[in-house]
Structure formats: structure tokens, C-alpha cells
Amino acid sequence: MSKRLIELKNISKSFDGQLVIDELDLYIRENEFITLLGPSGCGKTTTLRMIGGFEKPDKGVILFDGKDITNVPPNKRQLNTVFQKYALFSHMTIADNIAFGLKIKNKTKSYIDDKIKYALKLVNLDGYENRMPDSLSGGQQQRIAIARAIVNEPQVLLLDEPLGALDLKLRQDMQYELIRLKNELGITFIYVTHDQEEALTMSDTIVVMNQGYIQQIGTPEDIYNEPQNAFVADFIGDSNIIGGIMIQDKLVEILGAKFECVDTGFGTMTPVDVVIRPEDIDLLEPGKGTLDGVVTHIIFKGVHYEMEVTTPDGFEWLVHSTDMFPVGTNVSIHVDPFDIQIMNKPESEDEEAIPVEE
């Protein structure tokens, strides 16, 4: 396991009397790609800005390699930030943009020229030295912003929604570029996004945040397959979240029907929340599954069909399948025990599923 490089201990931050971060504890390992993920206003960007030195916490300490950097200014920290707005100097060539930080450090011309070539090669923009920023596409400008940060050889690269302004195809291309750069450079990436797919694609570790609190930390697989509360389950991908009763170990009652599961330790006759991902539901002939229903809605999504199946109790199940069942088809719902995730009922509003906005 690599060592802890950055530690945030008991960090709190308010703006205009509004608590944004509440007693947050977090550590980031060397060479890790860690993503702070959550909805707008959850505190992820504020956390990143405190790591970068652009904001000071009201309470708590930030350690870098064991040293307290809470009050160290941004330019004295071993890190660089790439923002969503690329912040390239429009009157400077690409070479001058990349060299800006190195010139401030009084590096020699030959050193700077070598670094410019190296950085442009890394971001697949060889030969762009004399171009001006306004002649580049959004994706190219973003890669130049990353190149400018890389030449300073930071131990940590902070990325604040850097792909947010790009179209879908460019964004996906840049995701792969960032993974490649992280692997080649061996530096720590701290990434902020509200895009769940982006976080799942790129991260070694995801920190899911809401209302200034950390809801869950884990690998992308853990976060997706084993959400710890309804908020995480609902925020990461599509989910069916249903109130149930844990009858006993490995047996849960959902909407009056008994489903076998693999979870234990919830006691007997305990109210719980149940998460079932739409792709984990099999639709069978009526009577062959655990709950019967009727297909009430269908959309073709390209790789699968998205269907709603309404059961007699009125619950609308979201189902993803490569098989198409026309509206009005009577079906039966089957879920393998391993694909049923049991969670404790939320202890606070922060842990509840996000209300669907109509």
C-alpha cells in the first residue's frame, strides 16, 4: 500500500454563516486517482480549494507528507490545479502558456524548451508550440492547461471539473487521456466532478459527498455494488430503492413477496431499505418469478431497453434489458440473491435518496 500523502483532519468550513464542510476527515495516498463526487453544493470543490490553498479551513489541519500546510499559500505547495475554465493566456502562444510557471522559477531556456516538448508529447499535441489558444478546440485547450500544470512537476494534480465544458465524445477521450497520464507520470490526481460515470471510469477511489459530509469512500466497484445508504445508491447510477422487512438472515420481504438474498446481521423483522439495480432484474413469464407485473413504459437506449414494470401494489420497477417487452406485456420479476443489496434505514436526511426533480 502506498503511503498517505495528504491528510485532512477535522476540517470545517463556513461561508456567510452557512456550514459547507462539517468535521471532515480524509486521507489521500501517493499515486492515487481519487475523485470527490457529489451534487452541486455538497462541498467537493471547497474541499479541493482547501487542499490547493485557495481557501483556509475554519477548523482542522491539512497535512502534506506529514507537514502542516494549513496556512501555506498555494504557490508554496507541491501541487497544481486545472480548472474547468482553462484559464489560458489568449495573447500568448501555446509554448509561452506552458512555460509560464517555469519562467517564474527562473529555469534556463534549454530546460524550458525540453519541458515544453515533453509536455506537448504527453498530451498528444506535438508541434503546437507556436499556435494561439483561440485556434484550438475545447479539448485541445484543456490538454494544454494540463500540460502547463504537468511541466511544474507537481506531486499532486488538482482537477476541478476539468471536462465539464466538453461534449460527450471529447469528454470520454479526455477521460482515457487522464488515466494514461496518471499511469505514466506517477503523480497523485485529486479530481472533482458531479458526473457519476466519469468517477466510475477513472478513479482508484471515490469519495461520495453530500451536504458537507462524506457518505461513502471506496473503489468504483464498492460504491456501485455495495452502496452504504440510499443517497449513494440513488446518486451512483439508476436504482430501485424499496422499503422492505428483513425477516431473517438471507431472507427479505419486498412489497409482500419473499426474496432470498445473501445479507446477514440485520436482525429479524427489521425495516430496511433494499437496492436492486435495473440491469439485475430478469423478466420471466407470469408466475415464473417472485412478483408479477405489467410493462407500462419502454424506451430504447441503444445498448439496452429501459422499461418500467408496475406491480399490483403500484410500485414502478425500473428494468434494463437487451430483450424487448412491449407495453402491456404481463411479466414476472426475478432477481438473483447476490444482486439484492440490503441497507439500514437512513439515520439522517443526508443519507436519503435524492428526490426526483420533475
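The values are calculated or read from the model by the stated rules, or taken from the named source; none is laboratory data. Keep in mind that what you see is a predicted model, and the values were worked out from it rather than measured. Here the Cβ is made from the backbone with ideal geometry for all residues, glycine too, and neighbour counts use every protein chain on show. To get the accessible areas, we keep the full protein, side chains included, count just its heavy atoms, and leave off ligands, DNA and RNA. Shrake-Rupley method; radii C 1.70, N 1.55, O 1.52, S 1.80 Å.
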Notebook entry, point to check: Taking interchain pairs and intrachain pairs at least six residues apart, which have beta carbon atoms under 6 angstrom, with the first residue in the stretch 23-41 and within 18 Å of residue 221 (Cβ to Cβ) and touching a residue at least 40 places away in the same chain (Cβ under 8 Å) and the second open to solvent by 60 Å² or more (accessible area, probe 1.4 Å) and aromatic (Phe, Trp, Tyr)?
Noted result: none
Note to self: If I go through the stretch 255-291 residue by residue, how many of them are open to solvent by less than 10 Å² (accessible area, probe 1.4 Å), in a strand (DSSP E or B) and not hydrophobic (A, V, I, L, M, F, W, C)?
What the structure shows: 0
Margin query: Can you find, within the stretch 253-293, the residue that is nearest to residue 243 (Cα to Cα) among those that are in contact with a strand residue (DSSP E or B) (Cβ under 6 Å, 6 or more places away or on another chain) and among the hydroxyl-bearing types (Ser, Thr, Tyr)?
Written below: 270
Next item on the list: Go through (1) modelled with pLDDT of 95 or more; (2) more than 30 Å from residue 330 (Cα to Cα); (3) under 28 Å from the mean Cα position of the chain (by Cα) one by one and return the number of the condition residue 231 breaks.
Entry: (1)
Check: In the stretch 210-229, which residue that is farther than 16 Å from residue 347 by Cα and of a type in the set (Val, Ile, Thr) is surrounded by the most Cβ atoms within 10 Å (Cβ to Cβ)?
Finding: 223
Next item on the list: Return yes when residue 128 is at negative phi and either in contact (Cβ under 8 Å) with a residue 24 or more places away in the chain or touching a Pro at 6+ places or on another chain (Cβ under 7 Å) (or both) and no when it is not.
Entry: yes
Checklist line | Residue in the stretch 86-145 that is modelled with the highest pLDDT, counting only those that are among the β-branched types (Val, Ile, Thr), open to solvent by less than 50 Å² (accessible area, probe 1.4 Å) and not in a helix (DSSP H, G or I) | finding: 93
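From 232, 252, 207, grab the single residue that is under 22 Å from residue 347 (Cβ atoms) and not in a strand (DSSP E or B). Break it down into steps so the answer makes sense when it comes.
On the way: 252 fails: not in a strand (DSSP E or B); 207 fails: not in a strand (DSSP E or B).
So the residue among 232, 252, 207 that is under 22 Å from residue 347 (Cβ atoms) and not in a strand (DSSP E or B) is 232.
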Item checked: Those residues of the stretch 17-37 which are at positive phi and either in a strand (DSSP E or B) or modelled with pLDDT of 95 or more (or both), in sequence order -> 23
Note to self: I want to confirm something. Restricting to the stretch 47-64 and keeping residues that are out of contact with any helix residue (DSSP H, G or I) (no Cβ under 6 Å at 6 or more places or on another chain) and part of a helix (DSSP H, G or I), which single residue is surrounded by the fewest Cβ atoms within 10 Å (Cβ to Cβ)?
What the structure shows: 49
Next item on the list: Sort out which residues of the stretch 163-200 are at pLDDT 85 or above and not in a helix (DSSP H, G or I), and write them in order of number.
Entry: 186, 187, 188, 189, 190, 191, 192, 193, 194, 195
